[in-house]
Amino acid sequence: MRHFLLGSVLGTTVLLAGCSSTVSRVTDVEAENFATSARTEIYSRQTPITQPISLYEAMARSLKHNLDHRVAMMEADLAQSDYDLSRWDMLPQVVANGQYYGRSNEAGASSLSLLSGRQSLEPSTSTERDVYTADLTASWNILDFGLAKIRSEQLGNESLIFEERRRKAIIKIMEDVHRSYYRAVSAERLANRLSVLETEVGEAFDTSREQFALRRTAPMPALTYQRELNDIQGQAQRMTRDMQMAKMELAALMGLSPDQQYNLQVPTHRTSPTRLSMSYEEMIDQALRNRPEVRENLYMQRIGEKEIKKATLEALPSLEGFAGLDYSSNDFLFNSDWAGYGARASWNLLKVFSTGKRKRKASAQLELERERGLATAMAVMTQVGVARKRFESLSEEYRTVSDGAMVQGDILGQIESLAKASSASKQTLVRERMNAILSEARRDAVMAEMAEASAHIYTALGYDPYTTDIDGTEDIQTIAESLKVLWTERESTPGK
């Protein structure tokens, strides 16, 4: 009785100790430590910038350092690890046990005759007070093996789904890099000219206001001129703001800190290609073969098919065989070590009654995935059509704005010559300089959109933005050279 009470007190103490745990909020110290360590770790991963960054180096840095891409890669790696571990569940279970048992007195007993009601022998024991036992048992359940195999195949398909999501993430990142890079290039190309123009506009505005205040000019022409100058200055400020944001967006895509200072290689203006290299039907066919969303849905359908098989298999009886080696230190045993073996069968009858409902649910889920697949295919076809039409429209628009920028440059040359001969007003000169910058900015903006549209074609087709000879572990220069070869070919024959 004393031992029973002692054990009860000890068990109650352990139970109360387990129930007394509490969870506290994140402290200011923890938050501060994370903020410091996060900045340090992010900055330490960056490859030093030693030269102006080209488009292909920007793409390489995004492939190597973009945090969204790294998260997608890690998710894919974890899914692959789950799949690798699941294959162990199909193997037989091999369990080793060891046990010590002791008591304070002898485990003796006597027998009682059922016929006479008298004790048939004096108390005796067949067990030592201290006994050590050990066993090694292997068992294999056929039903568990079948379910483990199905689950392993499902996890394998899930790992491939995460791989497609990683592809989708990096394809989208590369498209964003194209857009942000060319917008940032435009910022670098026009930054100095915009700054000079803002200064000239400000001086002209102040001069006009002074003349208006002194009544040295007619009121309405002076006010109209000031309004035009104010509109010009506002446009210049908006352009400057948009360009500065583009450079910060590009830094974020490359995994750089927002305040990182860097320069870009400013490429020459390119001429737009005359037409796409693939027909619309060929593009549709390629997109439905390659798009990550389509392939992900196919993997989901595989998982749904396996779920129907699992529902059927769970209704079957379970048959398990086992064999093992046993040992006991009990000296009263005639054989202290022996081999044991056997088989057992079991059947969860309740699952038999629910099998129909579980199969109908799995079938409904599979049908839903098939409908999602059709919806995805329709969306992909639409995106291909939109991407193709947008690229063709921007190609025409780029030729138009390029011609407009050329004409505006000639006009500005003529006005500057007239201004030197005092045959053109300061107002006209400032206006035409602004028009020249705006025409160049429009040309650069369309060029950036066309570069994005060209990259979006490959997004719509589901093509990988890098070749199979790189996996992101190489140095920046190696990745950039590989990307340059691939994308130079793509830019010369878009859609191929």
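The values are calculated or read from the model by the stated rules, or taken from the named source; none is laboratory data. The structure displayed is predicted, hence computed values, not measured ones. Here the Cβ is made from the backbone with ideal geometry for all residues, glycine too, and neighbour counts use every protein chain on show. SASA here: full protein model, heavy atoms, side chains in, ligands and nucleic acids out. Shrake-Rupley method; radii C 1.70, N 1.55, O 1.52, S 1.80 Å.
Among the chymotrypsin sites (Phe, Trp or Tyr not before Pro) found in the stretch 242-337, those both in a DSSP coil and sparsely packed, with 14 or fewer other Cβ atoms within 10 Å of their Cβ, are PHE332, PHE334. Beta bridges per DSSP, both residues in the chain: antiparallel share near 95 percent. Remark: the stretch 376-496 carries 47 Å² of accessible area per residue (probe radius 1.4 Å; ligands, DNA and RNA excluded).
Against the empirical curve 2.2 N^0.38 Å, the C-alpha radius of gyration of the stretch 86-135 lands at a ratio of 2.07. The GluC sites (Glu not before Pro) of the stretch 58-143 that DSSP puts in a loop, and whose beta carbon has at most 16 other beta carbons within 10 Å, are GLU106.
As a fraction of the 1.4 Å probe accessible area of the stretch 340-496, surface on carbon and sulfur atoms comes out at 57 percent. In the chain, if the dipole is taken from +1 on Lys/Arg beta carbons and -1 on Asp/Glu beta carbons about the Cα centre, which of LEU155, THR127, SER186 is farthest to the positive end? Projecting each Cα onto the dipole axis, the largest value belongs to SER186. Note that the stretch 130-277 presents 53 Å² accessible area per residue, ligands and nucleic acids not counted, probe 1.4 Å.
Note on the chain: the C-alpha convex hull projects to 43.1 nm² when averaged across all orientations. Residues whose amide H lies under 5 Å from that of SER318, counting only those 5 or more places away or on a different chain, are SER346, TRP347, ASN348; hydrogens are built 1.01 Å from N in the peptide plane. Bridging of LYS361 to lysines at a Cα separation below 19 Å is possible for LYS306, LYS309, LYS310, LYS351, once same-chain residues fewer than 8 apart are set aside.
Its relative contact order, with pairs defined as Cα atoms under 8 Å and 6+ residues apart, puts the chain at 23 percent. Of the trypsin sites (Lys or Arg not before Pro) found in the stretch 190-291, those that fall in a DSSP loop while having at most 13 other beta-carbon atoms within 10 Å are ARG215, ARG216, ARG270, ARG275. Membrane-span-like helices in the chain, defined purely by DSSP H runs whose alpha carbon atoms cover 20 Å or more axially and whose average Kyte-Doolittle hydropathy reaches -0.5, are 2-19, 67-86, 142-213, 349-420, 426-461, 476-492.
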